[in-house]
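Inspection log for the structure reproduced underneath, given as structure tokens.
The values are calculated or read from the model by the stated rules, or taken from the named source; none is laboratory data. Remember, predicted model here, so these are calculated numbers, not experimental data. Glycine gets a Cβ as well: all are built from the backbone with ideal geometry, and neighbour counts include every protein chain shown. We work out accessible area using only protein heavy atoms, side chains counted, and drop any ligands, DNA or RNA first. Shrake-Rupley method; radii C 1.70, N 1.55, O 1.52, S 1.80 Å.
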Amino acid sequence: MKKTIFSTIAFTFIFSTAVFSIELVTSETEKKIDALIEKMTLEEKIGQMTQRNARSGSEPFEGMIRDGKIGSILNEVNVEAVNRAQKIAVEESRLAIPLIVGRDVIHGFRTIFPIPLGLAATWNPQLVEEGSRIAALEARSVGVNWTFAPMMDIARDPRWGRIAEGYGEDPYLASRMAAAMVRGFQSDDLASPNALAACMKHFVGYGAAIGGRDYNTTYIPELLLRDIYLPPFKASVDAGAATLMTAFNDLNGVPATGNAFILRDILKGEWAFQGFVVSDWASVTQMVPHGYCADHKEAAEKAVVAGVDMEMETPSYADHIAELLDEGALTLEMIDDAVRRILRVKFALGLFDNPYTDTAHYPTLANEKHLAAAKEAAKQSVVLLKNDGHLLPLSKEMSVAVIGPLADAPQEQLGTWAFDGRAEESQTPLTALRDFLSPEKINYVQALPYSRAKETHDFDQAAQAAERSDVVLLFMGEEAILSGEAHCRANLDLPGAQEQLIKVIASAGKPIVLVVMAGRPLTMGNILEHIDALLYAFHPGSMGGPAVVDLLFGIDSPSGKLTVTFPKVVGQIPMYYNHKNTGRPPQASSWVHIDDIPLNAWQTSLGNESHYLDAGFTPQYPFGYGLSYTTFEYKDLQLSSPAIKMGEALTVSAVIRNSGAMRATEIVQLYCRDLAASITRPVRELKGFERITLEPGECRTVEFVLTTEDLAFPGPDMKMVAEPGAFHVWIAPSSEGGLMGEFSIAE
Ligand code: BGC
């Protein structure tokens with residue numbers, strides 16, 4: 001897999017990976033595991049391979065733990081109940097094996113951070129790591145010791161609701177973010193009572209669901225799998241992630257949960273992963289409706305053979321493994337290996353020594369410090385997409401009309417997978433504005449009760465509020481339920497009557513700032529001309545309100561940049577920056593055109609290019625894009641050499657100058673293109689990035705070190721290869737434009 005770029009920041013990254021790397025296998029614990037396995041009955045082994053949803057206090061459940069029939073529970077967050085369950089496991093079950101307790105801690109536990117797609121837009125792995133550390137402390141304080149995160153599915157289709165849970169479309173960025181989250185959850189010592197075991201998910205290709213419809217089939221050639229979908233998982237294995245979850249999708253005809261190629265050959269073979277694999281919720285038995293297994297017994301067999309060590313929720317392992325062993329369909333070695341891996345993680349977590357949770361050890365949930373970290377993350381995650389006439393930042397003297405379904409929707413701004421977040425601890429834009437401005441400056445009309453609402457009876461009142469104010473602040477987007485698992489959309493325009501509301505407000509003639517809170521890129525072609533400024537806040541979490549208000553009023557400049565391409569219309573999907581060039585690449589310059597749509601195409605193959613006649617070939621906003629209240633000038637691109645030899649490194653640098661009037665942060669990006677290769681390569685690939693904060697007028701040289709290994713890709717034999725030849729390199733503010741240089745790798 002690709003190695004990292006040696007920029008200053010990348011050095012820190014590589015260094016901290018080494019420091020935080022967790023050793024799951026030690027001879028001491030392997031001996032303890034040998035001794036335990038020796039003593040275990042088959043029923044106890046199968047018990048370790050069984051995870052059940054917690055039904056706290058119910059007798060049969062507790063009885064099952066006592067009898068060694070459950071090795072893990074999920075979804076219990078009452079600390080007394082977790083301690084009680086652990087007590088039964090370690091004091092009343094025959095072999096005293098503690099439970100591993102799972103929960104979806106996806107972007108915070110009680111303190112909710114921005115959704116991962118928003119976190120990715122910070123391009124700040126350090127901040128993501130710190131956020132996960134806070135989430136770990138909070139989750140661990142209620143007895144949870146295992147999170148089903150990070151989710152690192154590459155998503156090229158914003159219709160897919162789970163795009164919210166990942167880091168976007170780029171494998172390099174996702175690898176950096178996923179590894180940072182793993183380090184944050186697990187800390188440098190998994191045995192510490194402050195650590196959560198991480199779970200990389202969903203293995204693999206889940207984000208490639210056809211049509212962006214959740215759970216749908218995926219077809220991913222091995223080359224693409226290795227190039228785009230696998231790298232974040234490899235980076236997380238290298239960062240020491242303790243567990244992995246399979247995916248729901250059928251991958252090239254074999255459901256991921258029964259797919260020995262990805263689980264045994266790649267994960268446990270090639271990558272030598274030593275932790276354990278858990279199925280997704282009921283994904284073992286779902287191999288029956290997939291049409292891969294005739295019944296639950298066959299599903300259990302195929303999952304174990306493929307390398308799924310623990311079954312989540314459904315009981316096919318408990319019901320059938322013994323019989324499958326008798327029949328010779330499974331071997332005891334397979335079972336012992338699964339149990340060994342599960343016990344390994346329990347030992348690594350220190351659960352045999354410290355099974356109980358002492359709440360006194362932990363900080364208060366959602367305390368001031370945690371909320372401040374969530375605010376900083378939210379602030380850095382917001383992307384400024386439009387700012388005509390420098391409308392933003394606003395002055396405190398202005399009166400504001402505050403309008404829209406998401407201006408004061410504390411639960412909705414938390415986004416998907418915020419089980420343990422609390423609406424009453426979530427600070428909305430309206431609350432924050434009321435703290436920041438004097439009351440007479442705010443004219444609030446919700447206008448629509450929720451994002452999908454269609455009633456227009458309050459629109460006149462909203463337009464009057466706009467007329468009375470100097471500027472209009474619209475808070476719109478999607479409520480939390482519109483993204484996340486199984487929450488996909490076929491139409492990505494602002495839902496309900498929101499577009500209509502914008503048009504009504506626009507008729508008041510006041511400048512309009514639109515703040516979008518959403519779980520995905522929305523298509524905004526219908527409304528962009530009616531608004532002056534656009535801040536994209538994703539679902540920003542508990543502190544979204546104060547973060548957005550700081551940006552609106554210029555306490556800080558927005559610095560986020562998109563990690564996913566924003567299409568103009570749904571019909572352009574899939575659309576992603578790192579696409580191949582085709583034999584007839586589109587070039588607006590070769591036609592009489594309006595924007596990127598040609599006017600005079602003729603019906604012959606001569607001169608035709610790859611584009612849509614009605615939507616062109618460019619996105620609304622490209623990957624890596626984001627504006628600032630200042631401007632940054634890029635100049636003096638320098639390459640240490642025009643040619644390097646295989647195994648050597650190239651230094652690429654540029655000078656970035658804050659040419660505006662405000663202190664601000666820029667995310668400087670490094671891209672490369674391999675011009676001719678044995679397998680065609682994308683038009684650009686992200687290879688590095690660095691966040692720099694500059695005072696007005698300040699210059700900084702940003703330097704990246706690129707090795708030939710960084711330019712390697714999966715070759716015709718599926719092995720990573722860097723090939724001699726010509727390359728382009730860019731230091732750029734986004735995936736479009738920037739300073740371009742050329743170099744070659746000599747034979
Ligand atoms: C999701 C997983 C999640 C699991 C447990 C499943 O439906 O796909 O991502 O971790 O439920 O809640």
When the accessible area of the chain is computed with all protein chains present and a 1.4 Å probe, what percentage of it is carbon and sulfur? 51 percent
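Per 0.36 nm of contour for each residue apart, how much would the distance between GLN126 and ARG94 grow if the chain were fully extended, relative to their Cα-Cα spacing?
Numbers: separation 32, 0.36 × 32 = 11.52 nm, distance 4.36 nm.
Gain on stretching GLN126 to ARG94: 7.2 nm.
Taking 0.36 nm per residue of sequence separation and subtracting the Cα-Cα distance, how much length would be gained by fully extending the chain between THR651 and CYS699, in nm to one decimal? Working shown, then result.
On the way: separation 48, 0.36 × 48 = 17.28 nm, distance 1.87 nm.
That works out to 15.4 nm of additional length.
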For the range 632-745, using Cα atoms only, the Rg and Dmax in Å read 15.2, 53
So which aspartates and glutamates can LYS39 reach, going by Cα to Cα under 14 Å and dropping same-chain residues fewer than 8 places off? ASP336
Please compute the contact order of the chain in relative form: average sequence separation of alpha-carbon pairs under 8 Å and at least six residues apart, divided by the residue count, as a percent. 14 percent
Dipole of the chain [Lys/Arg +1, Asp/Glu -1 at C-beta], most positive-end residue of GLY118, SER93, PRO231: GLY118
With R₀ set to 22 angstrom, the calculated FRET efficiency between the beta-carbons of ASP493 and ALA423, to the nearest 0.05, is 0.25
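If you count only protein heavy atoms with a 1.4 Å probe, what accessible area per residue comes out for the chain, rounded to a whole Å²? Present the calculation step by step, with values, prior to reporting the outcome.
Numbers: 26240 Å² over 747 residues.
It amounts to 35 Å² per residue over the chain.
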Specify the inter-centroid distance of the range 88-133 and the range 294-314, based on alpha-carbon positions, in whole Å. 26 Å
Projected area averaged over all directions for the convex hull of the alpha carbon atoms of the chain, nm², comes out at 33.5 nm²
Report, ordered by chain and residue number, the lysines lying within cross-link reach of LYS568, taken as a straight Cα distance under 26 Å and ignoring same-chain residues fewer than 8 apart. LYS379, LYS386, LYS454, LYS503, LYS510, LYS580
Taking the 0 to 90 degree range and rounding to the nearest ten, how far is the long axis of helix 125-140 tilted relative to the main principal axis of the chain, both from C-alpha atoms? 40 degrees
So, in nm, how far is label ASP295 from label SER438 when the simple model puts each one 7 Å beyond its Cα toward the Cβ? 7.8 nm
